[in-house]
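Notes follow the structure.
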Amino acid sequence: MTEPIEQSQEQQKKRVAVVDDSSPFRMLLKQILEANRYHVDIFPSGEDFMTWKQPPETYDLIICDVFMPGVNGMNVVETIRKRPQSKLTPILLVTGDPSVEVISLARKFLVNDFIGKPIDANVFLQRVRKLLFPAKKANV
């Protein structure tokens, strides 16, 4: 696990949604993100996320698994990208199958970045920071 870094007030306000059907994986991501002072909401399914009282654009970053029962990650991304208010919301796709087909499909749906499972916490945080603070170095 990575050591938390000191962050500005601006960074502490960043809201992240984690959508994954694996409870242990959701909790791992939540732990990593909260240790770095991000506000995290977790969702056990795409359907739970899409019917949540907060619309997708209220998040600064959405981290979503590809393969979930019911409303899968690509369905979530497609719905987010169709909404004018959230079409620019950064999305980090997480997948246990980083095959060419999955990556190609992710690009088709305008996913900002993707990372394969299992994750390396340091690489994961670099990707998160790159999406949340694109003008700053990822390893702030």
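The values are calculated or read from the model by the stated rules, or taken from the named source; none is laboratory data. Keep in mind the model is a prediction, meaning the values are calculated, not measured. Neighbour counts run over all protein chains shown; Cβ positions are idealised from the backbone, glycine included.
Quick one: which residue in F114, F124 is outside any strand (DSSP E or B), among the aromatic types (F, W, Y) and within 14 Å of the chain's Cα centre (by Cα)?
Selected residue: F124, the only one of F114, F124 that is outside any strand (DSSP E or B), among the aromatic types (F, W, Y) and within 14 Å of the chain's Cα centre (by Cα).
For the structure I just gave you, tell me whether Q85 is without any contact (Cβ under 8 Å) to a residue 40 or more places away in the chain, out of contact with any Phe, Trp or Tyr (no Cβ under 7 Å at 6 or more places or on another chain) and more than 20 Å from L28 (Cβ to Cβ). It is true that Q85 is without any contact (Cβ under 8 Å) to a residue 40 or more places away in the chain, out of contact with any Phe, Trp or Tyr (no Cβ under 7 Å at 6 or more places or on another chain) and more than 20 Å from L28 (Cβ to Cβ). P98: closer than 17 Å to K13 by Cα and without any contact (Cβ under 8 Å) to a residue 24 or more places away in the chain, yes or no? In short, no.
Looking at the stretch 71-108, which of the residues that are part of a loop (DSSP other than H, G, I, E, B) and surrounded by 15 or more Cβ atoms within 10 Å (Cβ to Cβ) is nearest to the chain's Cα centre (by Cα)?
By that ranking, first place goes to P90.
So, T51, is that one polar (S, T, N, Q) and touching a residue at least 12 places away in the same chain (Cβ under 8 Å) or not? So T51 fails the test. Counting only helices (runs of 4 or more DSSP H) that sit completely within the stretch 8-70, those holding 1 or more residues that are surrounded by fewer than 22 Cβ atoms within 10 Å (Cβ to Cβ) and either at pLDDT 95 or above or in contact with an Asp or Glu (Cβ under 9 Å, 6 or more places away or on another chain) (or both) correspond to 23-35, 46-50.
Whether any residue in the stretch 78-87 is touching a helix residue (DSSP H, G or I) at 6+ places or on another chain (Cβ under 8 Å), modelled with pLDDT of 85 or more, over 15 Å from V18 (Cα atoms) and not polar (S, T, N, Q) is what I want to check. Checking the stretch 78-87: at least one residue is touching a helix residue (DSSP H, G or I) at 6+ places or on another chain (Cβ under 8 Å), modelled with pLDDT of 85 or more, over 15 Å from V18 (Cα atoms) and not polar (S, T, N, Q).
Conditions tested, residue by residue: (1) in contact with a strand residue (DSSP E or B) (Cβ under 8 Å, 6 or more places away or on another chain); (2) not charged (D, E, K, R).
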{"site": "V71", "(1), (2)": "no, yes"}
{"site": "I80", "(1), (2)": "yes, yes"}
{"site": "R83", "(1), (2)": "no, no"}
{"site": "L92", "(1), (2)": "yes, yes"}
{"site": "E101", "(1), (2)": "no, no"}
{"site": "L105", "(1), (2)": "no, yes"}
{"site": "K108", "(1), (2)": "no, no"}
{"site": "P134", "(1), (2)": "no, yes"}
